[in-house]
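Each remark here refers to the structure printed beneath this line.
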Amino acid sequence: MRNLLFISLCLLSTVSFGQSNKFTFQTGSQYELPRKTEDLAFFGNDKDGIINLSIKKDELNIIKFDAVKLTQTDDKTIGLDATKNFNSEELTSFHNGNYFWIHSDWDKSNEKELLYADKVDVQSAKIVSSTKINETTKITGTGGGYRGFVIGYNKVTDKYQYNYSADDKKLLISYKLRSDRGREKDTYDKIGLIVFDDNMTKLWGNEFVMPYSEAIMDLTDYSIDSKGNAYILAKVYDSEKRREKDKETGKPAYHFEILKFTKDSKEVSHTIISVGDYFVKDASLIESPTHDMIIASTYSKKSKGDGTDGVFLTVLDQTGRVAKYKNGYYEFPVEDLEKFESARRKRKMEKKDDYEAPNLQVRDIVTKADGSIFITCEEYYIIQHSSTDSHGFTTTWNEYFYEDIIAAKIKASGEFAWLRKIPKKQKGIATTTLSYKLITDATGYYFLYLDDKKNMDLTEDESPKYYVDGHKGDVVVSKLDNEGNLTKEVIFDTKDEDLMICPTKFDKINANQFIGRARIKRNVFQPLLITVK
């Protein structure tokens with residue numbers, strides 16, 4: 001959920017950060033949600049207040065807090081006409097201060113998927129309107145079927161995807177319709193796209209049949225521009241064999257395409273993106289300040305493996321022309337990748353003629369008004385474990401790894417300004433406190449994450465120690481200024497304060513304040529406000 005902030009934090013303190021910034025932490029009054037309540041969202045702004053939205057069976061609970069004092073000012077329970085197929089989907093917000101709770105239902109008798117948007121007035125702590133915003137046939141999602149609105153039941157979830165324009169004034173809601181089961185080569189995805197403005201007024205919507213069958217096409221990313229045009233980034237294989245490499249030429253046996261969808265046409269326009277002889281590993285799509293669409297992808301010179309040579313940037317302009325962004329290819333300097341590695345690991349890297357960084361995924365693409373681009377990648381992978389007991393029963397589970405951050409800046413002139421490696425090792429069988437949150441301002445880029453205390457004073461010939469999810473660690477901010485200078489600060493030590501934090505869930509309520517919650521114990525919370533000065 002876009003605005004959901006879950007922070008297990010309970011403290012009131014002020015700490016210095018860097019040379020000119022100061023972080024002030026302020027906590028409010030404790031409050032408790034009813035048992036078996038589904039916590040939906042924690043959101044608001046500095047003018048109207050803060051809201052905690054939760055639901056229990058057919059009751060919606062709204063708790064309001066003063067945004068300055070963080071004291072509870074209101075508590076309401078609203079009855080809902082919720083069927084057994086009811087699903088809470090998303091709490092969406094826009095920069096104009098509008099908040100909408102989106103929820104869905106399945107009308108089994110008429111076989112219709114229904115989607116609603118309820119406007120939440122934060123100032124009055126009320127639902128002021130409810131509108132049906134879409135109706136269609138059955139769509140796909142995750143989970144095991146419609147089994148009623150009871151916490152813990154295996155319901156269909158993640159039926160819709162939400163994407164916002166760069167100016168935060170347009171919202172794209174997308175979904176995939178369920179097709180009759182058949183052979184992949186005979187099945188073409190049918191995707192629903194609906195575009196809304198920042199008042200949740202529907203601008204247009206349609207359902208499109210994809211130009212290629214499921215056997216050869218994967219939909220990898222969705223986006224929307226400030227004019228309300230929708231985009232899908234697709235990977236298209238040369239054949240149903242879905243090979244990564246052509247056996248005869250040695251070149252990629254696939255290509256990427258940008259599918260564009262507009263209000264005035266039911267046709268799908270698609271533009272081919274060429275990356276030459278390289279192999280695209282992971283790609284993302286975002287609008288630039290000039291309203292062009294930028295595709296940022298990691299690439300490799302090898303078809304097999306999980307390595308990355310660097311980042312490839314492509315631009316789709318408003319006329320539909322595709323071109324490399326400036327130099328196009330930005331290879332990661334090996335001398336930077338070798339930093340913060342053990343001596344043994346460095347020797348292995350040096351033995352390879354063409355070393356590639358493993359398991360990198362594009363996390364953030366920040367386009368600046370001056371035309372420069374800032375890109376972050378994170379080393380991420382999953383290891384599956386299994387064990388068999390004396391009765392022959394086998395249990396399997398995943399262990400998640402979130403490791404080094406690779407950050408790179410491309411100048412407006414197209415030059416590779418710099419690349420920096422931020423050493424980090426995190427793992428766990430859950431991901432609650434893992435990964436990082438990127439916060440940007442005019443002075444640079446801040447990375448908030450949990451780390452082992454031993455990693456604060458690493459030299460470039462040392463590798464970091466692991467922080468394990470659910471255990472105590474340091475809350476760290478690493479900052480890269482606009483020239484690429486890296487500094488690190490410990491905000492506080494969770495071992496000393498007996499607290500935990502989920503960095504990825506911070507959310508802004510104005511230019512320099514972030515709102516969150518302390519979780520004291522099960523269903524007991526406390527508001528948290530972070531001010532950057």
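The criterion of being touching a residue at least 24 places away in the same chain (Cβ under 8 Å), part of a loop (DSSP other than H, G, I, E, B) and more than 30 Å from VAL268 (Cβ to Cβ) holds for ALA412.
Between LEU172, LEU259, LEU203, LEU219, which is part of a strand (DSSP E or B) and more than 25 Å from ALA296 (Cα to Cα)? The unique qualifying residue is LEU203.
Within region 69-85, the residues that satisfy the criterion of being among the hydrophobic types (A, V, I, L, M, F, W, C) and at pLDDT 90 or above are LEU70, ILE78. Tallying residues that are farther than 19 Å from SER109 by Cβ, within 26 Å of the chain's Cα centre (by Cα) and modelled with pLDDT under 80 within region 136-154 yields 7.
The residue that is modelled with the lowest pLDDT, counting only those in region 440-459 that are surrounded by fewer than 18 Cβ atoms within 10 Å (Cβ to Cβ) and farther than 20 Å from LEU419 by Cβ, is ASP441. Exactly one residue out of ILE133, ILE102 is hydrophobic (A, V, I, L, M, F, W, C), modelled with pLDDT of 90 or more, surrounded by 20 or more Cβ atoms within 10 Å (Cβ to Cβ) and within 27 Å of ILE509 (Cα to Cα), and it is ILE102.
Results for (1) modelled with pLDDT of 85 or more; (2) more than 24 Å from the chain's Cα centre (by Cα); (3) surrounded by fewer than 20 Cβ atoms within 10 Å (Cβ to Cβ), shown as yes or no for each residue.
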{"position": "LYS304", "(1), (2), (3)": "no, yes, yes"}
{"position": "ALA323", "(1), (2), (3)": "no, yes, yes"}
{"position": "VAL334", "(1), (2), (3)": "yes, yes, yes"}
{"position": "PRO358", "(1), (2), (3)": "yes, no, yes"}
{"position": "ARG363", "(1), (2), (3)": "yes, no, yes"}
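I'm trying to understand the selection: among the residues of region 222-250, which are of a type outside the set (D, E, K, R), crowded, with 18+ Cβ neighbours inside 10 Å and not in a strand (DSSP E or B)? Correct list: GLY228, ASN229. Within this structure, THR314 passes the test of being farther than 21 Å from GLU378 by Cβ, at pLDDT 85 or above, β-branched (Val, Ile, Thr) and in contact with a strand residue (DSSP E or B) (Cβ under 9 Å, 6 or more places away or on another chain). Take the conditions buried (at least 16 other Cβ atoms within 10 Å of the Cβ) and closer than 14 Å to SER297 by Cβ and apply them to TYR278. Does it pass? Yes; evaluated as a whole, the condition is true for this residue. The sole residue among VAL268, VAL315 that is surrounded by 14 or more Cβ atoms within 10 Å (Cβ to Cβ) and either among the basic types (Lys, Arg) or farther than 18 Å from ILE375 by Cα (or both) is VAL268. Looking only at region 112-135, decide whether some residue is of a type in the set (D, E, K, R), under 24 Å from ASN206 (Cβ atoms), assigned to a loop (DSSP other than H, G, I, E, B) and free of Cβ contacts under 8 Å to residues at least 60 places away in the same chain. For region 112-135, residues of a type in the set (D, E, K, R), under 24 Å from ASN206 (Cβ atoms), assigned to a loop (DSSP other than H, G, I, E, B) and free of Cβ contacts under 8 Å to residues at least 60 places away in the same chain: absent.
Restricted to region 424-434, and to residues there that are part of a loop (DSSP other than H, G, I, E, B) and surrounded by fewer than 20 Cβ atoms within 10 Å (Cβ to Cβ), the residue that is modelled with the highest pLDDT is LYS425. For beta carbons closer than 9 Å, sequence separation of 6+ or different chains, a first residue in region 337-352 that is more than 19 Å from ARG420 (Cβ to Cβ) and a second that is part of a helix (DSSP H, G or I), the qualifying pairs are GLU350/VAL334.
Which residues, counting only those in region 83-99, are out of contact with any His (no Cβ under 9 Å at 6 or more places or on another chain), assigned to a loop (DSSP other than H, G, I, E, B) and either buried (at least 20 other Cβ atoms within 10 Å of the Cβ) or not polar (S, T, N, Q) (or both)? If the condition is that a residue be out of contact with any His (no Cβ under 9 Å at 6 or more places or on another chain), assigned to a loop (DSSP other than H, G, I, E, B) and either buried (at least 20 other Cβ atoms within 10 Å of the Cβ) or not polar (S, T, N, Q) (or both), then LYS84, PHE94, HIS95, GLY97 are the ones that fit. A residue that is within 23 Å of GLN161 (Cα to Cα) and small (Gly, Ala, Ser) occurs somewhere in region 198-205.
The values are calculated or read from the model by the stated rules, or taken from the named source; none is laboratory data. Note that the structure is predicted; figures quoted are calculated from it, not measured. In this analysis, Cβ positions are derived from the backbone assuming ideal geometry, glycine residues included, and neighbour counts consider all displayed protein chains.
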